[in-house]
Amino acid sequence: MSVSEKKPINRQFERVSAEDVRRAAEYQAAILADVAGRRGTLHGRIKPLAPHMSVAGPAITVEVRPGDNLAIHAAMAVAQPGDVLVVDGKGDLSCALLGEIMATQAQASGIAGIIIDGAVRDADSLSKGHYPVFSAGLNPCGPTKLISGRVNHPISVAGATVQAGDLVVADIDGVVVIPRDEVQQVIALAKEKLEMETRRLAAIREGDLRPHWLDDALRKAGMLTDGETL
């Protein structure tokens, strides 16, 4: 185990490239999740404070104890422009882990967005802006700043494993995390899927309403007998 892995704050890790972030940001989180094997998505409780919010970038991972945001402040201090804070707040909603002041600081620092499996506050002002903040809920109660956490270590957040430097893409549908070494393959597959879906939508509008695979799938599932059709 390296010295950086033993320290609570790890500064040595490789990020997904800026070019791959730019290319991935062209796709919906849903497209990326599908071609990534329908894995790597955070639980649906993690939602944007406003429907227009979206973000893509390398993950800065943060683990905190419920109700304490000391490690988030540390992560903001070491994050680079374009990074996305991904905070394992254990799904706790008893206290907000950040609000307008910290979000404003993050935005001014160039941090691309914030994703928290926990609560936030000042939602009225934050939801009217364009800075992306995703959370599991809201609470007016503020946090403490007393308890040690970890920054840029592997985390399990809202059902997904996230490593520092992985690609994070989030929009109104939710959040998907792509391992850094799989990003280019996923982008190539996303391009193919989007082209296929575009063709299918055009066909539907032209009157081709039934999926061509439906009857075969129903037979395999035992819902239609051999030779039977809908």
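The values are calculated or read from the model by the stated rules, or taken from the named source; none is laboratory data. Note that the structure is predicted; figures quoted are calculated from it, not measured. Note that we place each Cβ from the backbone using ideal geometry, even for glycine, and neighbour counts take in every protein chain shown. Surface areas here come from the heavy atoms of the whole protein model, side chains and all, with no ligands, DNA or RNA. Shrake-Rupley method; radii C 1.70, N 1.55, O 1.52, S 1.80 Å.
The antiparallel fraction among DSSP beta bridges confined to the chain stands at about 50%. Across segment 54-59, coupling constants 3J(HN,Hα) worked out from phi with the 6.51/-1.76/1.60 Karplus curve, θ = phi - 60°, read 8, 7, 8, x, x, 7 Hz, and Gly and Pro carry x.
Report the local net charge at T198: Lys and Arg +1, Asp and Glu -1, summed over other residues whose C-beta lies under 12 Å from its C-beta. Can you show the working numbers first?
Working: positive: K191, K193, R199, R200, R205; negative: E192, E195, E197.
In short, +2.
Give me the accessible area per residue for segment 136-203, probe 1.4 Å, as a whole number in Å².
Details: 3470 Å² over 68 residues.
It amounts to 51 Å² per residue over segment 136-203.
With a probe of 1.4 Å, find how much accessible area segment 1-128 has per residue, and write the answer as a whole number in Å². Please list the in-between numbers first.
Details: 5980 Å² over 128 residues.
Solvent-accessible surface per residue comes out at 47 Å².
Evaluating 6.51 cos²θ - 1.76 cosθ + 1.60 at θ = phi - 60° for every residue in segment 71-77, the Karplus couplings come out as 5, 5, 4, 5, 5, 5, 6 Hz, glycine and proline recorded as x. Considering only L218, L42, L70, the Gaussian network model of the chain with Cα springs below 10 Å gives its largest mean-square fluctuation to L218. In a reduced charge model with +1 at each Lys and Arg Cβ and -1 at each Asp and Glu Cβ, the chain shows a dipole moment near 540 debye about its Cα centre.
Sorted by mean Cβ packing within 10 Å, highest first, what order do the peptides 142-149, 59-66, 71-78 take? Present the calculation step by step, with values, prior to reporting the outcome.
Details: 142-149: 15.0, 59-66: 24.4, 71-78: 19.5.
Descending mean neighbour count gives 59-66, 71-78, 142-149.
Helix content alone sets the calculated 222 nm mean residue ellipticity of the chain: runs of n ≥ 4 DSSP H residues at -39500 (n - 2.57) each, divided across all residues, give -9000 deg cm²/dmol. Dividing the Cα radius of gyration of segment 167-226 by 2.2 N^0.38 Å, with N the residue count, gives 1.60.
Phi angles across segment 145-158 convert, under the Karplus curve 6.51 cos²θ - 1.76 cosθ + 1.60 with θ = phi - 60°, into 3J(HN,Hα) values of 9, 10, 10, 4, x, 9, 10, 6, 10, x, 10, 10, 10, 6 Hz, Gly and Pro given as x.
Have a look at P58, P48, P211 and tell me which one the Gaussian network model of the chain (Cα, springs below 10 Å) gives the largest fluctuation. Comparing P58, P48, P211 in the GNM, the peak value goes to P211. Between segment 36-52 and segment 60-78, the C-alpha centres lie 21 angstrom from each other.
Projecting the Cα positions of L209, A119, T229 onto the charge dipole of segment 119-230 (unit charges on Cβ atoms of Lys, Arg, Asp and Glu, taken about the Cα centre) puts A119 furthest along the positive direction. Close amide H partners of S135, meaning residues 5 or more places away or on another chain with modelled amide H under 5 Å apart, are K47, L49, I116.
How large, in percent, is the carbon and sulfur part of the accessible surface of segment 1-117 at a probe radius of 1.4 Å?
Numbers: 2740 of 5440 Å².
Of the solvent-accessible surface of segment 1-117, carbon and sulfur hold 50 percent.
Roughly what % of Cα-Cα distances in segment 1-103 sit above 19 Å, to the whole percent? Considering segment 1-103, 54 percent of its Cα-Cα pairs are separated by more than 19 Å. With one equal scatterer per alpha carbon and no solvent term, the Debye-computed log10 I(q)/I(0) for segment 82-137 at 0.13, 0.14, 0.16 1/Å reads -0.27, -0.31, -0.41.
Provide, as a two-decimal number, the C-alpha radius of gyration of the chain over 2.2 N^0.38 Å, N being how many residues it has. Before the final figure, lay out each step's value.
Values: Rg = 20.2 Å, N = 230, 2.2 N^0.38 = 17.4 Å.
That ratio works out to 1.16.
Segment 87-204 has equivalent-ellipsoid semi-axes of 31, 18, 13 Å, by the square roots of 5 times the alpha carbon gyration tensor eigenvalues, sorted largest first. Between their Cα atoms, which of K7/K90; K128/K193; K7/K145; K6/K90 are more than 27 Å away from each other? Too far apart for the 27 Å limit: K128/K193. Rg(Cα) of segment 1-59 divided by 2.2 N^0.38 Å? Normalised by 2.2 N^0.38 Å, the Cα Rg of segment 1-59 equals 1.45.
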